[in-house]
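In what follows, a single structure is set out as structure tokens and then discussed.
The values are calculated or read from the model by the stated rules, or taken from the named source; none is laboratory data. Quantities reported herein were computed from a predicted structural model and do not represent experimental measurements. A quick note on method: Cβ atoms are made from the backbone with ideal geometry, for glycine too, and the neighbour counts reach across all protein chains shown.
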Amino acid sequence: MQNLLITGGCGFIGANFIHYLFEEAGYNGQVVNVDSLTYAGNPESLGRIPESFKNRYHFIQADIGNTAKMTSIFDAFDIDAVCHFAAESHVDRSIAAPDAFVTTNVLGTFTLLEQARHHQNRLIRFHHISTDEVYGTLGKEGRFLETTPYDPSSPYSASKAASDHLVRAYHRTYGLPVTLSNCSNNYGPYQFPEKLIPLIILNAYNGKALPVYGDGQNVRDWLHVTDHCRAIWRIMNNGKNGATYNIGGRCEKTNLSVVETICDVLDRQVEPLPNGSRKELITFVTDRPGHDFRYAIDCTKIEKELGWLPRETFESGLEKTVAWYLENGNWVKRIQSGEYRNWIEQHYGG
């Protein structure tokens, strides 16, 4: 895999994956990062990567659904592997405006698969990143297996389920060398502040209300993004063609306990608020429609077949994440103020 196309590489997980390849994994090929730079795409999340690896890192602003553009990229860079992150991913946004999710997550994935099929003579791997949300909701017991039937609850998870089915169909029909991974909730550096953990970190630091849906008892399995990146690279190099691997942190937490833990970490790392613990800022709000009760990943398959295990506990990962947001206030400020969008418009035309 010397000519790797990464879609959505300016997003949260994609940007972390590019950092991982160049800074930790020792990847010596070239990376072509294709991102359309929608609201959550931020080239500044790549830091010094473009300068430090300018002969091996290439950024192209493009829509993955643009057939002509994708054809030119596959041809110009002799793409021999694809790691497909690009997706609309926020559940609340999918409820308000589902059309963008179908367009990017389903039709965009279809366009990429068609390009991979037409360039199959040199394609080594097409890896598709998905989510545990395609499986629907769990009760208090059990965990999602790779064989768990799909039962998506939101337009977001339904669009990801559709794209998963397309990827598998292209393997079975055309013999495309695909792998898939379904991951639990990620957290870590460069995550857009609308997501739970960065939102709570920033609100709690600034003494603002900490919104928690319903009674806060919904359960999620949390995975540090660097552990996720390690798993993806392990799958791309050693996974079986056509196989799906669930990636989880073995770290189930209620949403309320996540918020309370962040408050405790901040109270230790910075001065407490005048009125006491930041837990006093917790505010319960109306639950979102179709809010799944519990997700939990069984990641036995990737552990046994590929020897991957998460390195971060929730406590160690959260300490590092809180510290990162406190140390990178300029990045946060530019996101929250919208300055990053002005920068994108100046450099890339919108």
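A few comments on the model shown:
- Of all the residues in the range 301-342, those that are touching an Asp or Glu at 6+ places or on another chain (Cβ under 7 Å) and not basic (Lys, Arg) number 5.
- Within the range 52-77, tally of residues that are in contact (Cβ under 8 Å) with a residue 60 or more places away in the chain and farther than 14 Å from Gly8 by Cα: 3
- Single unsatisfied condition, Thr148 versus (1) closer than 20 Å to Val219 by Cβ; (2) at pLDDT below 95; (3) in contact with a helix residue (DSSP H, G or I) (Cβ under 9 Å, 6 or more places away or on another chain): (2)
- The range 21-51 - residue that is in contact (Cβ under 8 Å) with a residue 60 or more places away in the chain and hydrophobic (A, V, I, L, M, F, W, C) and, of those, nearest to Cys83 (Cα to Cα): Leu21
- Single unsatisfied condition, Pro177 versus (1) within 23 Å of Phe85 (Cα to Cα); (2) more than 19 Å from the chain's Cα centre (by Cα); (3) surrounded by 22 or more Cβ atoms within 10 Å (Cβ to Cβ): (3)
- Qualifying helices (runs of 4 or more DSSP H) (wholly inside the range 255-336; at least 2 residues being out of contact with any strand residue (DSSP E or B) (no Cβ under 8 Å at 6 or more places or on another chain) and under 20 Å from Leu210 (Cβ atoms)): 255-269, 314-327
- Filtering Arg250, Arg234 for residues that are within 22 Å of Gly307 (Cβ to Cβ), of a type in the set (Lys, Arg) and in a helix (DSSP H, G or I) leaves a single hit, Arg234.
- Any hit, the range 81-98, residues being closer than 24 Å to Tyr27 by Cα and more than 17 Å from the chain's Cα centre (by Cα): yes
- Counting the residues of the range 243-282 that are among the aromatic types (Phe, Trp, Tyr) and at pLDDT below 95 gives 0.
- Across the range 45-94, the qualifying residues are those that are over 21 Å from Thr111 (Cα atoms) and among the β-branched types (Val, Ile, Thr), and the one among them that is surrounded by the most Cβ atoms within 10 Å (Cβ to Cβ) is Ile49.
- Positions within the range 1-17 being within 21 Å of Trp222 (Cα to Cα) and hydrophobic (A, V, I, L, M, F, W, C), in sequence order: Phe12, Ile13, Ala15, Phe17
- Residue ID - surrounded by the most Cβ atoms within 10 Å (Cβ to Cβ), chosen from residues in the range 116-149 that are of a type in the set (Gly, Ala, Ser) and closer than 23 Å to Lys301 by Cβ: Ser130
- Near pairs, Cβ below 6 angstrom, 6+ apart or cross-chain, from the range 201-220 (closer than 15 Å to Asn275 by Cα) to any residue that is among the polar types (S, T, N, Q) and not in a helix (DSSP H, G or I): Ala209/Thr283
- All positions within the range 37-78 that are under 20 Å from the mean Cα position of the chain (by Cα), under 26 Å from His119 (Cα atoms) and modelled with pLDDT under 95: Leu37
- Ser154 falls short on exactly one of the conditions (1) touching a helix residue (DSSP H, G or I) at 6+ places or on another chain (Cβ under 6 Å); (2) modelled with pLDDT under 95; (3) within 22 Å of Cys229 (Cβ to Cβ), and that condition is (3).
- Here Leu176, Leu166, Leu202, Leu180 are screened, and the one residue that is in a loop (DSSP other than H, G, I, E, B) and on the phi < 0 side of the Ramachandran plot is Leu176.
- For Leu113, the requirement of being aliphatic (A, V, I, L, M), surrounded by 18 or more Cβ atoms within 10 Å (Cβ to Cβ), touching a helix residue (DSSP H, G or I) at 6+ places or on another chain (Cβ under 7 Å) and modelled with pLDDT under 95 is not met.
- Residue match in the range 20-31 (condition: small (Gly, Ala, Ser), under 20 Å from the mean Cα position of the chain (by Cα) and surrounded by 22 or more Cβ atoms within 10 Å (Cβ to Cβ)): no
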